Amino acid sequence: MGLVGSIPPEIRNLSFLISLDLTKNTFGGPIPTPIFNLSFLEILNLGENNLEPLSPQMGNITSLFRLSREFNNFSGNIPKEIGPLSNFGRLSMSGNKFSGSLPREIGNLTTMFGLFLHSNALSGMNIFLPSYLQDIFY
């Protein structure tokens with residue numbers, strides 16, 4: 001798309017938004033808090049930007065089905081607040097700077113079928129992952 005700057009907080013006005021794809025821009029800085037209050041959001045694609053940090057508030061979007069945050073500047077641990085995303089199907093956070101181990105709460109994502117975390121600095125899969133996961137790239 002070629003958009004530059006930060007994601008505007010006015011995104012909160014899109015209260016019935018179902019899908020948001022901001023892939024391949026040059027957005028930087030934090031993801032604005034209002035995104036985490038979009039209660040109908042099912043698909044959130046933020047890949048290939050310069051976003052940071054990853055907010056624990058992402059667990060507020062309980063309707064979220066697919067989350068793509070690959071190739072940004074996210075670092076540190078993957079937030080345990082991902083656990084409440086009960087409708088979650090696909091998580092893609094490859095190509096960031098995540099470290100540590102996966103949070104146990106990922107095991108709570110009982111509807112998840114795809115987990116993509118390669119090209120990070122994660123250490124070991126020491127949690128229970130559902131046996132029905134179809135795709136795991138770690």
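Could you give the alpha-carbon Rg of region 30-97 over 2.2 N^0.38 Å, rounded to two decimals? Provide the component values of the computation, followed by the final result.
Details: Rg = 10.9 Å, N = 68, 2.2 N^0.38 = 10.9 Å.
Ratio of Rg to 2.2 N^0.38 Å for region 30-97: 1.00.
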Item to check | Label-to-label distance, nm, for residues given as SER99 and HIS118 (7 Å Cα→Cβ offset) | outcome: 2.3 nm
Checklist entry - Hull surface divided by four, with the convex hull built on the Cα atoms of region 55-126: how many nm²? => result 4.1 nm²
Checklist entry - Considering amide H positions built from the backbone, and no H for Pro or chain starts, which residues 5 or more places from ILE7, or on another chain, come under 5 Å of its amide H? => result GLY28
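Calculate, in nm to one decimal, what PHE40 and ASP135 gain on full extension: separation in residues at 0.36 nm each, minus their alpha carbon distance. Write down the numbers at each step before the final one.
Details: separation 95, 0.36 × 95 = 34.20 nm, distance 2.57 nm.
Here the segment from PHE40 to ASP135 would lengthen by 31.6 nm.
Rule-based calculations on the coordinates, nothing more; no lab input. Since this is a predicted model, take the numbers as computed values, not measurements. Reconstructed Cβ throughout: ideal geometry from the backbone, glycine too, with neighbour counts over all protein chains shown.
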